[in-house]
Each structure stands twice: as C-alpha cells, then as structure tokens.
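Asks: Sending over a structure as structure tokens; questions will come in a sec.
What follows is calculated from the coordinates using simple rules that are stated; it is not laboratory data. Just so we're clear, the structure is a prediction, and the values are computed from it rather than from any experiment. A quick note on method: Cβ atoms are made from the backbone with ideal geometry, for glycine too, and the neighbour counts reach across all protein chains shown.
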Amino acid sequence: MSRSGLILGIESSCDETAAAVVERGAQTRSSIVASQIATHAPYGGVVPELASREHLRNIVPITRSAMAASGYSLADLDAIAVTSGPGLAGALLVGITYAKALAFALGKPLIAVNHLEGHIHAVLLEERQRLHAASGAGEPIPLNSDENGLPMPALALVVSGGHTHLFLAKPPAAGPEIGAWQYSLIGRTLDDAAGEAFDKVAKLLGLGYPGGPWIDNLAQFGNPTAVPFGFTQIKVKAHLEGKTPRTKGAQTAPIADLDRHFLFSFSGIKTAVLRYVEVHGLRASCDARQRTLMEMIGSGVTPTWRDARSLCDQQTLDLIASFQHAVVGNLLKKTFAAAEAIGAASVLVTGGVAANRELRVRFTAEAAERGLPVAFPTLAMSTDNAAMIAAAAWPRFLAGDFAGWDLEANPRLTLA
C-alpha cells in the first residue's frame with residue numbers, strides 16, 4: 001500500500017528527456033523536460049543516434065532537477081515509472097536502463113508505462129488537478145472512476161508525430177482494489193501519422209523543424225479554402241489485412257478488425273502538396289527559403305516562423321492554410337463519427353498535434369454543437385513529458401502491476 005503516493009516518471013521515447021514527480025496520479029510536484037529540437041533541426045527530423053546520445057547526457061541531471069524541484073528525496077518515492085515503448089529503441093533503452101538501476105538501488109518497484117497511455121493520462125492528470133484546485137481540498141483527489149473530471153468512457157484521439165490512434169478509454173472500477181485502465185483500439189493511421197505529415201510538408205516547403213508549430217503559425221495568414229484538398233474513402237484491400245501499418249505506432253490490431261470509416265491516411269495529402277508545388281512552380285522558392293533558414297542556423301541565429309513568413313508569398317501561405325485545414329477536418333470528422341458510433345461520453349485530444357490552434361478551435365466548436373465534453377492537455381503537456389508517465393503508472397502501482405528486472409525496450413509496443 002502507498003506511503004507517500006509519489007512516483008518518479010522517466011520519459012525518453014524520442015527526442016525529449018523528461019523526469020517528473022507526481023503524487024497519486026493527481027498532482028504534479030515537478031516536471032522537467034530537456035528538448036533536443038536544436039540538435040535535430042539542421043537535419044529536418046529526429047536522428048536516432050543523436051537522440052540516444054543526448055538522452056545519455058541529460059538523463060541524470062534532468063532527474064536530479066525534477067527531484068530538487070519537487071522538494072522530495074529519492075527515499076520518499078513509492079516507485080519509479082518509465083516509458084517502455086513505443087518509440088526509438090536506443091532512446092527508450094537510455095530511460096529504461098537508468099530507471100532500472102535507480103529502482104534497484106533504492107529498493108523501489110519499477111513500473112513500465114506505454115507511451116500512448118501516458119498521453120491519455122496527460123489530459124486526465126490535468127483534469128484532476130483542475131478539480132482539485134476548484135475544490136480547495138488540501139490533498140490530491142484520489143483516483144477512481146468518478147473523479148477523472150470527465151464523463152466516462154472517453155474516446156481518446158492520440159495524435160502526434162509518431163501516432164494517430166483512436167482509443168476507447170475506460171477507468172478502473174472504484175474501490176480499494178483499483179486495477180488498470182482498459183483500452184480498445186477504434187481506429188488508427190494506415191501510413192503516416194498526422195504530425196509526421198506536418199513535419200514532412202514543412203520540410204518540403206523549406207520550413208523549420210518540427211513542422212507543426214511553423215505550419216500552425218503561418219496558416220493564420222493564408223486562405224484555408226484556396227486549395228481544395230480532400231481525403232478519399234479508405235477501401236481495405238485483402239492483401240493488406242493483418243499486416244503491420246507503415247507507421248511508428250506499428251503493430252496494432254489487423255486492419256480487418258477495425259471499422260474502415262475510422263482509419264486515417266495522410267500519405268496522400270503529402271503527395272498532393274508535392275504535386276501542387278511542382279505544378280505551380282514553387283520548388284525554387286521552397287529551396288531558397290530552406291537555404292536562407294539554414295544559413296541563419298549556420299550563423300548562430302535561430303530562425304522563427306516570423307522569419308519564414310517574410311520568405312513566403314501569398315500562394316504558399318494559402319497552400320499551408322489549406323493543408324492544415326484539410327488535416328484538421330479529417331481528424332475532426334472521423335473522431336466525432338467514432339464517438340457517436342461507440343457511445344463515448346466525452347472526447348480527449350492529446351499528443352503533440354493537440355497543441356494546434358485550429359484543431360482546438362474546431363474540435364471545441366464541434367463538441368459544443370454535439371453537447372459532448374472535450375478536453376485537451378495544456379501546451380506543455382501536449383508534447384512528450386514524464387508527468388503523464390508517472391500519472392499513468394499510479395493505477396498500476398495500486399494494482400501491484402510491477403515490471404521485472406528483465407524489462408526491455410519495445411519500439412513497437414501496442415496499447416489495447
């Protein structure tokens with residue numbers, strides 16, 4: 001049984017090294033994140049080997065900073081939680097190896113957490129903290145099915161650079177023996193994740209990395225209906241049934257087990273943007289924009305989207321706005337259709353793409369029209385962090401669901 005309720009979470013699945021201390025899955029005591037954007041920006045994407053090296057440099061000082069900021073000592077912890085997958089193998093290994101060593105040295109239980117589950121709990125954690133602040137209670141709200149802040153079950157859209165999944169999330173039953181949350185996979189991408197499409201289109205247009213924030217900021221200056229992008233209906237082909245999709249989310253349920261109306265595909269719109277650039281003679285301007293931004297980086301100046309705006313003509317801004325409008329519209333259409341079909345009581349939108357402003361505005365408006373509660377994490381909690389890992393670990397701690405010392409990284413770990 002818990003003594004302090006404190007769990008140290010460690011996250012290193014991709015290009016952020018993070019550590020956080022969370023109390024009873026409901027109150028963040030500290031959360032520290034070391035970003036690697038500057039390291040990977042010159043390459044236009046994450047370089048796995050460089051990511052692993054940066055994790056090795058950061059894991060110890062980041063954990064020490066998180067513990068210092070929490071005001072607690074390592075001895076006060078009840079458990080150590082760590083992301084075990086999915087993600088980059090080398091990056092995951094850094095966090096897992098350190099967490100195992102720390103847990104063994106302290107004699108604390110080790111808890112393995114799925115990165116996707118962590119993103120879902122990023123929203124739930126902040127909902128509990130909101131309720132706690134509103135109630136004025138002295139102690140964190142204990143975890144049970146009635147105190148998650150949102151009607152349950154919830155349909156969770158996990159949308160980021162590596163994932164585009166729809167899960168039906170059900171909380172554990174209330175009581176002294178709380179078990180783990182239950183998840184059912186409702187839909188997913190067949191190829192690129194939505195965030196990956198943002199990154200690749202941004203790179204194609206000569207913008208910076210990560211592409212999502214650049215496109216989000218530049219889209220406000222363009223006409224979202226200027227380029228009529230569309231998504232065709234997905235037809236499941238017999239030869240694809242049961243095969244792994246080409247995405248970092250990787251091994252999930254066979255295609256045949258999912259309703260094709262809730263399947264996503266973003267490789268086509270990438271190709272459509274490329275075709276538009278070629279047909280309208282924008283390639284030279286894209287290359288020139290990229291050279292200018294790279295020269296700024298080479299001279300020690302960090303370019304911003306404002307620098308990029310001055311390098312974009314109106315046609316390019318319209319293209320950016322139209323691309324974003326189409327992707328957000330596709331996510332919205334399928335998410336709310338799935339919520340209605342399965343009878344979800346609320347919708348959660350989480351992951352890096354959940355920080356997109358147009359997505360938040362349009363999802364909020366659609367939810368209000370349907371009378372369906374919708375929740376997003378704060379911008380800081382949208383991207384990878386360790387607080388969400390520690391929060392997701394709390395129900396597992398209560399259930400005694402601990403990992404063994406043989407825990408290994410699983411880059412293709414599934415949820416549900």
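Asks: A 27 angstrom limit on the alpha carbon distance is what I want to check against. Which of 170/235; 100/203; 170/333; 170/334; 235/270 exceed it?
Replies: Details: 170/235 30 Å; 100/203 38 Å; 170/333 22 Å; 170/334 20 Å; 235/270 19 Å.
Result: 170/235; 100/203 exceed 27 Å.
Asks: Given R₀ = 35 Å, what would the calculated FRET efficiency be for residue 340 paired with residue 271, taking r from the Cβ atoms and rounding to 0.05? Could the numbers behind the result be given before it?
Replies: On the way: r = 31 Å, r/R0 = 0.87.
My answer for the efficiency is 0.70.
Asks: Something else: Could you calculate the contour length gain from residue 4 to residue 170, that is, 0.36 nm times the residue separation minus the distance between their Cα atoms, to one decimal place in nm? Walk me through the numbers on the way to the answer.
Replies: Numbers: separation 166, 0.36 × 166 = 59.76 nm, distance 2.61 nm.
Taking residue 4 through residue 170 to full extension adds about 57.1 nm, to one decimal.
Asks: Right, another one. Work out from phi, with θ = phi - 60° and the Karplus expression 6.51 cos²θ - 1.76 cosθ + 1.60, the ³J(HN,Hα) of each residue of region 155-171, listed in order in whole Hz, and give x for Gly and Pro.
Replies: Each residue's phi maps through the Karplus curve to give 8, 9, 9, 9, 10, 8, x, x, 9, 9, 10, 10, 10, 8, 10, 10, x Hz.
Asks: Sort the following peptides by mean Cβ neighbour count (other Cβ atoms within 10 Å, averaged over residues), highest first: 71-81, 149-159.
Replies: Numbers: 71-81: 18.2, 149-159: 23.8.
Highest to lowest by the protection proxy: 149-159, 71-81.
Asks: Measure nothing fancy, just the Cα-based angle from helix 48-70's long axis to the longest principal axis of the chain, in degrees from 0 to 90, nearest 10.
Replies: With rounding to tens, the tilt is 50 degrees.
Asks: Could I ask something else about it? Report, in deg cm²/dmol and to the nearest 500, the calculated mean residue ellipticity at 222 nm for the chain, where each DSSP H run with n ≥ 4 adds -39500 (n - 2.57) and the sum is divided by the residue count.
Replies: Details: 13 runs with 179 residues, N = 416.
Computed ellipticity for the chain at 222 nm equals -14000 deg cm²/dmol.
Asks: Here is a further query. Among 300, 120, 102, whose Cα lies farthest out toward the positive end of the dipole of the chain, if unit charges sit on the beta carbon of Lys, Arg (+1) and Asp, Glu (-1)?
Replies: Ranked along the dipole, the leading option is 300.
Asks: Relative to the Cα centre, what is the charge dipole magnitude of region 194-372, using +1 at the beta carbon of each Lys and Arg, -1 at the beta carbon of each Asp and Glu, and rounding to the nearest 20 debye?
Replies: Working: 21 positive and 16 negative charges, 60 e Å.
I would put it at about 280 debye.
Asks: Related question: At a threshold of 8 angstrom on Cα-Cα distance, excluding pairs fewer than six apart, so keeping six or more, what relative contact order does the chain reach in percent?
Replies: On the way: 887 pairs, mean separation 108.8, N = 416.
It rounds to 26 percent for the chain.
Asks: Pick from 282, 359, 110 the residue whose mean-square fluctuation is largest in a GNM of the chain, springs joining Cα atoms under 10 Å.
Replies: 282
Asks: So, R0 is 45 Å and r is the distance between the beta-carbons of residue 235 and residue 309; what FRET efficiency does that work out to, to 0.05? Walk me through the numbers on the way to the answer.
Replies: Values: r = 39 Å, r/R0 = 0.87.
Approximately 0.70, to the nearest 0.05.
Asks: A follow-up question, please. Based on the Cβ-Cβ distance from residue 64 to residue 357, what FRET efficiency comes out when R0 is 41 Å, to the nearest 0.05? All intermediate terms of the calculation are to be shown ahead of the outcome.
Replies: Working: r = 35 Å, r/R0 = 0.85.
Efficiency, from the Cβ-Cβ distance: 0.70.
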